[in-house]
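Colleague: Pasting a structure here, questions to come.
The values are calculated or read from the model by the stated rules, or taken from the named source; none is laboratory data. Everything numeric in this text was worked out from a predicted model, so none of it was measured. Backbone-built Cβ (ideal geometry, glycine too); neighbour counts: all protein chains shown.
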Protein chains: 2
Amino acid sequence: MTVLVIGSIALDTLETPFGRAEELLGGAGSYFSLAASVLTNVQMVGVIGADLPEEHLETLRSRGIDLGGVQRVPNGKTFRWAGRYEYDMNVAQTIDTQLNVFGDFRPNLPENYRDTEYVYLANITPRLQLEVIEQVRKPKFVGLDSMNFWIGNPETKRDLTQVIKRVNAVFMNDAEIRQYTGKYNLFEAARDVLSLGPQVVLMKKGEHGAVAVSREGIFVAAAYPLETVKDPTGAGDSFAGGLMGHLAQTGDTSWAGLKRAMIFGSVIASFAVETFGTDGLLRMTPEAIAARYETLRQCTMFESLSQPTEART
Amino acid sequence: MTVLVIGSIALDTLETPFGRAEELLGGAGSYFSLAASVLTNVQMVGVIGADLPEEHLETLRSRGIDLGGVQRVPNGKTFRWAGRYEYDMNVAQTIDTQLNVFGDFRPNLPENYRDTEYVYLANITPRLQLEVIEQVRKPKFVGLDSMNFWIGNPETKRDLTQVIKRVNAVFMNDAEIRQYTGKYNLFEAARDVLSLGPQVVLMKKGEHGAVAVSREGIFVAAAYPLETVKDPTGAGDSFAGGLMGHLAQTGDTSWAGLKRAMIFGSVIASFAVETFGTDGLLRMTPEAIAARYETLRQCTMFESLSQPTEART
């Protein structure tokens, strides 16, 4: 199966305590696509300027990612983001954001994208997200990301609510879901979002993992325990890419399937953050992913109280 | 089996967004003992002043807790702590601490305490913790808690290192283990502590659960997902009480036993924080604990990739 993503393709400038790098391939759409592409086919929707180096497109193509929905604006400048991380890697400080070609972007899906069933709306204006959903004919599972910027403005928040009503999964971090619902308790907040229609709310907690809340229950997915975190950029989109990639790969969107998909998300995000930029996503293999999946299982499994004592030791 | 604890018995004054209460029964020793007492016998070592209401001692005795190691100083004043929590319940702001009778306390263990095999050294001066270990003849499993105050002072940090070398389990939160080791990455920091001798490092992460690091691996214990958190006071000591209580109850200090014990810790801490003061610990039953244990298992379990597909749906 195939997953379609709309999201930014960017040139990132990063500063961390471990180093600095300029004009790396970045953006939510890029991280998502590279993460998902190891599991399934990916179709990208986005926009780039004349200045995006061809090698970055080659990187995406080399993973089999379909760039048919990516428009290049001949005289435009690519979206740019500059951010800094302190030792506490959980929070990025945005130094600069330049929307550039994304400012006037109107997505127009190629015909062969319109029957794709798995769709991820990466963080972008809710209006663009709506325009994409409206062009997809029979979506089976739509995931949505957003950010404080759209939640804080009453007009874009209204649009965001329209999008939430049409998706299956809402990805938000602690702060975003609290801001959106006005509820401090995360489970109460998640239920408010579920009441709008989605099947599951996926709360991202960075180094603490992620929690899913659905009508079928709660699932706590641990983050993969890493010795080294070099660059958390794209962690959330890599998590989403692993998750959506697994759903599209298996076609199993049941509660059990979602749990497995979240673990794929955790594992793939771990590859993303342990090196700079997208390097980790480019180097990971299906075998390495499967190995970390099983390790994470070992790190979280414990025995039922009803298991016989002899099986316990 | 029996677990022995040295720790504070206090009168707590608490302010949270949900209310205020004065001179409640508090202190690490009290929370630990009430948490453990639902699973096993508890012996308390500590000191109180003339002003500790008899009803508080009755509360402890009503759970079968042995107060033979608690000294009452006839003209002394009981240890007092006043704290405040904002909406972000993870961090307590200490308004006031009065050591009072704990200032001059020298623990002297009753003869029948000296053969106890399970020992918990709640947060108190490392010197007092050492004095307790030295009086216990054949400790099987010793747990240790501490705090930034003792880590920050070079002299008490030296004492703390002596204690760490003699215990099986070190309970620390993120900030404490980073401060103690000077390492930012928690797994690297945990290995530094393990190199001093302990069998396991238990990193408490509040609402995000706890992580154990041992020579046998890593175990991530989720926090029990709660709709309501009213008062996080004593969460760490209740976690330790559940954990040590389960170890003492089963005598199984293997890696599998420790994992189960951590889940008991998570579950029992959840009862502690969902009501004010020690109320939740006093109301919980073995049946309710077992039910939450299994719920937490459901909330964290996921399938192996090698499981047959038909078992997955």
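Colleague: Does at least one position in segment B:72-91 carry a residue that is polar (S, T, N, Q), over 22 Å from residue B:275 (Cα atoms), over 19 Å from the mean Cα position of the chain (by Cα) and modelled with pLDDT under 95?
Modeller: The answer is yes; a qualifying residue exists.
Colleague: Which members of segment A:192-215 meet the condition of being within 12 Å of chain B (Cβ to nearest Cβ) and either touching a Lys or Arg at 6+ places or on another chain (Cβ under 8 Å) or closer than 22 Å to residue A:227 by Cα (or both)?
Modeller: A:205, A:206, A:207, A:208, A:209, A:210, A:211, A:212, A:213, listed by residue number.
Colleague: Inside segment A:29-64, can you point out the residues that are more than 16 Å from the chain's Cα centre (by Cα) and under 22 Å from residue A:145 (Cα atoms)?
Modeller: A:47, A:48, A:60
Colleague: Quick check: anything in segment B:277-295 within 15 Å of residue B:37 (Cβ to Cβ) and of a type in the set (Lys, Arg)?
Modeller: Yes, that holds for at least one residue.
Colleague: What single numbered condition from (1) surrounded by fewer than 19 Cβ atoms within 10 Å (Cβ to Cβ); (2) under 27 Å from residue A:8 (Cβ atoms); (3) not hydrophobic (A, V, I, L, M, F, W, C) fails to hold for residue A:250?
Modeller: So the condition that residue A:250 fails would be (2).
Colleague: Are any residues in segment B:175-186 within 11 Å of chain A (Cβ to nearest Cβ) and within 15 Å of the chain's Cα centre (by Cα), and if so, which ones?
Modeller: Within segment B:175-186, none qualify.
Colleague: What do you reckon, is residue A:240 surrounded by 24 or more Cβ atoms within 10 Å (Cβ to Cβ) and among the small types (Gly, Ala, Ser)?
Modeller: The answer is yes for residue A:240.
Colleague: Among the residues of segment B:200-229, how many are at pLDDT 95 or above, part of a strand (DSSP E or B) and of a type in the set (Lys, Arg)?
Modeller: Selection size over segment B:200-229: 0.
Colleague: Also: Return the pair list, or none, for Cβ contacts closer than 9 Å from residues in segment A:289-300 that are without any contact (Cβ under 8 Å) to a residue 40 or more places away in the chain to residues that are in a helix (DSSP H, G or I) and among the charged types (D, E, K, R), at least 6 apart or on different chains.
Modeller: A:293/A:260
Colleague: Which of the helices (runs of 4 or more DSSP H) found entirely inside segment B:230-313 contain at least 3 residues meeting this: within 11 Å of chain A (Cβ to nearest Cβ)?
Modeller: B:255-273, B:286-300
Colleague: Can you report the number of residues in segment A:214-224 which are surrounded by 22 or more Cβ atoms within 10 Å (Cβ to Cβ) and without any contact (Cβ under 8 Å) to a residue 60 or more places away in the chain?
Modeller: So the answer is 4.
Colleague: Mind listing whichever residues of segment B:170-207 are out of contact with any helix residue (DSSP H, G or I) (no Cβ under 8 Å at 6 or more places or on another chain) and under 21 Å from residue B:247 (Cβ atoms)?
Modeller: B:194, B:199
Residues are listed down the side, and each one gets a yes or a no for (1) in contact (Cβ under 8 Å) with a residue 40 or more places away in the chain; (2) within 30 Å of residue B:264 (Cα to Cα); (3) among the hydrophobic types (A, V, I, L, M, F, W, C); (4) touching a Leu at 6+ places or on another chain (Cβ under 9 Å):
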{"residue": "A:248", "(1), (2), (3), (4)": "yes, no, yes, yes"}
{"residue": "A:261", "(1), (2), (3), (4)": "no, yes, yes, yes"}
{"residue": "A:265", "(1), (2), (3), (4)": "yes, yes, no, yes"}
{"residue": "A:284", "(1), (2), (3), (4)": "yes, no, yes, no"}
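Colleague: Take residues that are among the aromatic types (Phe, Trp, Tyr) and crowded, with 20+ Cβ neighbours inside 10 Å and tell me which of the strands (runs of 3 or more DSSP E) falling wholly in segment A:61-120 contain 3 or more.
Modeller: A:79-85
Colleague: Related question: Just to verify a result, which residue in segment B:83-124, among those that are β-branched (Val, Ile, Thr) and touching a residue at least 12 places away in the same chain (Cβ under 8 Å), is farthest from residue B:231 (Cα to Cα)?
Modeller: Here the residue is B:116.
Colleague: Let me ask something else. Can you pull out the residues in segment A:18-49 that are assigned to a strand (DSSP E or B) and of a type outside the set (Val, Ile, Thr)?
Modeller: Hits for segment A:18-49 are A:19, A:20, A:21, A:22, A:23, A:24, A:25, A:26, A:41, A:43, A:44, A:46.
Residues checked against (1) outside any helix (DSSP H, G or I); (2) out of contact with any strand residue (DSSP E or B) (no Cβ under 9 Å at 6 or more places or on another chain); (3) buried (at least 21 other Cβ atoms within 10 Å of the Cβ):
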| site | (1), (2), (3) |
| --- | --- |
| A:157 | no, yes, no |
| A:161 | no, yes, no |
| A:166 | yes, no, no |
| A:170 | yes, no, yes |
| A:177 | no, no, yes |
| A:180 | no, no, yes |
| A:184 | yes, yes, no |
| A:189 | no, no, yes |
| A:198 | yes, no, yes |
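Colleague: May I ask you to verify whether residue B:227 is acidic (Asp, Glu), over 17 Å from the mean Cα position of the chain (by Cα), within 30 Å of residue B:83 (Cβ to Cβ) and surrounded by fewer than 20 Cβ atoms within 10 Å (Cβ to Cβ)?
Modeller: yes
Colleague: Testing residue B:19 on (1) farther than 22 Å from residue B:121 by Cα; (2) buried (at least 16 other Cβ atoms within 10 Å of the Cβ), one condition comes back false. Which one is that?
Modeller: All conditions are met except number (2).
Colleague: Checking residue A:310 against (1) of a type outside the set (Lys, Arg); (2) modelled with pLDDT of 95 or more; (3) closer than 24 Å to residue B:296 by Cβ, which test does it fail?
Modeller: For residue A:310, the failing item is (2).
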